[in-house]
Amino acid sequence: MRYLTKEWYELCQRTGLHFGMRVHRGAYELDENLFLRLYKRKEKEHIKQERELYNMDPRLMLEHDGQVLTRVDKAFSGEEVTEEDQMVFHMPPEERAHIEKLIAEYDVRPPFDEKKCKEEYIESMEWNFRYKAENLPQEIVEQIADIRVFTLGYCTREIMRQLNKQSAENRKEMERVSNEYREAIVAQNIPDEIHKRVQFHDCTVTELLTGEEVVIRFDTRGGFTNINRLTLVAPEIIKQEGEIVGSYWLYQELYRIDNGYELHVLFGGENMPELIVRCADILAEEE
């Protein structure tokens, strides 16, 4: 990757360091009672939210089946709505069957397990404590009296100012690289049709075959396409780093070369795998 690198991706994650943070006058010093009080408050909010999700009846998803829908332009125009302006939404059979399966499971579910919910919340928060300590700028970490209180969303006024400043600087740098990337891609003068063949954002790689062709197959359920096979013709693998199968497609860069294209891909997953392949042509299809 030349622009949308691992470093750029990590920078993107640091453009909202101040999001969800609140100034708390008790955050200036280490106070175990303060931490326990704030933790209990956050834990209670978490349990309430998880209980509501657990008890959400999937029958709600059937409400739109058979509903009469009106064209948006007609609905808000004030004009008379005719039959031609309306349609009845009928849920696809496979979608309804899936919801009915969820309903059957919902009806026999055990009571909400609050003890398990608390245990999972503790594990999550302990991971977050470590993550914050390792990924915040070191000069900010050194000023935090209790990383646990910070992770719960509370900090001093001075640290809040620094978080806002650092987020703005990170966002500025992120946008600078993004603009350079867009300019570089436009300069390649590659047809939109070819670009559309490598749009697999958030699709999970299920298979990677190399040889006379590079073939990548996807589970597209998390993505925005039904195309699930990518073929790179007459390939030359320039870089293959990390465990690509099982990871998910994040970003791509596509460049022209004398005899075809050079595709760069950054994947999400452990250590963020990367693939760079030169090829004569790019094919995409739904199997």
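Going down the table (K48/K132; K165/K196; K115/K165; K101/K196; K6/K196; K6/K44), which pairs top 31 Å between alpha carbons? Can you show the working numbers first?
On the way: K48/K132 25 Å; K165/K196 37 Å; K115/K165 40 Å; K101/K196 35 Å; K6/K196 23 Å; K6/K44 36 Å.
Where the Cα-Cα span goes over 31 Å, the pairs concerned are K165/K196; K115/K165; K101/K196; K6/K44.
Please compute the modelled spin-label separation between V233 and E213, points set 7 Å along Cα→Cβ, answer in nm with one decimal.
0.9
Can you list, largest first and rounded to whole Å, the semi-axes you get for segment 65-119 by taking the square root of 5 times each eigenvalue of its Cα gyration tensor? Please report the intermediate quantities before stating the final value.
Details: eigenvalues 334, 54, 11 Å².
Gyration-tensor ellipsoid for segment 65-119: 41, 16, 7 Å.
Return the Rg/Rh ratio of segment 199-254 with Cα-based radii and a Kirkwood Rh.
0.94
Volume per residue, Å³, of the convex hull around the alpha-carbon atoms of the chain? Walk me through the numbers before you get to the answer.
Details: hull volume 65.1 nm³, N = 287.
Enclosed volume per residue, from the Cα hull, is 227 Å³.
Compute the normalised compactness of segment 231-287: alpha-carbon radius of gyration over 2.2 N^0.38 Å, N being the residue count. Spell out each step's value before the answer.
Values: Rg = 11.7 Å, N = 57, 2.2 N^0.38 = 10.2 Å.
The reported ratio for this selection is 1.14.
Among L230, L11, T151, whose Cα lies farthest out toward the positive end of the dipole of the chain, if unit charges sit on the beta carbon of Lys, Arg (+1) and Asp, Glu (-1)?
T151
For R25 and E45, compute 0.36 nm times the residue count separating them, minus their Cα-Cα distance, and round to one decimal in nm.
5.0 nm
Report for the chain the percent antiparallel among DSSP-assigned beta bridges with both residues inside it, nearest 5.
95
With a bin width of 10 angstrom, please list the P(r) values of segment 121-229 as percents of all Cα-Cα pairs, from the 0 bin to the one holding the largest distance.
11, 22, 23, 24, 18, 2
How big is the dipole moment of the chain about its Cα centre under a simple scheme where the beta carbon of each Lys and Arg is +1, that of each Asp and Glu is -1, and everything else is neutral? Debye, nearest 20, please.
It comes to approximately 1460 debye.
For the charge dipole of the chain, defined by +1 on Lys and Arg C-beta atoms and -1 on Asp and Glu C-beta atoms about the Cα centroid, which residue among T206, G78, Q67 has the Cα displaced farthest towards the positive pole?
G78
Which residue, L34, A187, P111, has the largest displacement toward the positive end of the dipole of the chain when charges sit on each Cβ (Lys, Arg +1; Asp, Glu -1)?
The listed residue farthest towards the positive side: L34.
Could you tell me the relative contact order of segment 59-188? Use alpha-carbon pairs under 8 Å, at least six residues apart, and round to a whole percent.
On the way: 53 pairs, mean separation 19.9, N = 130.
Averaging sequence separation for qualifying contacts and normalising by length gives 15 percent for segment 59-188.
Past the 19 angstrom mark, what percentage of all C-alpha to C-alpha distances in segment 182-287 do you count?
Summing the P(r) of segment 182-287 above 19 Å gives 38 percent of all pairs.
About the Cα centre of segment 139-287, what is the dipole size in debye to 20, counting +1 per Lys and Arg Cβ and -1 per Asp and Glu Cβ, all else neutral?
Using only the charged Cβ atoms, the result is roughly 660 debye.
For segment 30-90, just list the percent of Cα-Cα distances falling in each 5 Å bin from zero outward, please.
With a bin width of 5 Å, the distribution comes to 3, 14, 11, 10, 9, 8, 8, 8, 8, 7, 6, 5, 2, 1.
Taking 2.2 N^0.38 Å as the expected size of a compact globular protein, what ratio does the Cα radius of gyration of segment 84-175 give against it, to two decimals?
1.89
Run the numbers on the chain and let me know its relative contact order in percent, using alpha-carbon pairs under 8 Å that are six or more apart.
Relative contact order of the chain: 20 percent.
Can you tell me the dipole magnitude for segment 96-169 around its Cα centre, using point charges on the Cβ only (Lys, Arg +1; Asp, Glu -1), in Debye to the nearest 20?
200
Bear in mind these aren't lab numbers, they're just calculated from the coordinates by the rules spelled out. This is a predicted model, so every value here is computed, not measured. Reconstructed Cβ throughout: ideal geometry from the backbone, glycine too, with neighbour counts over all protein chains shown.
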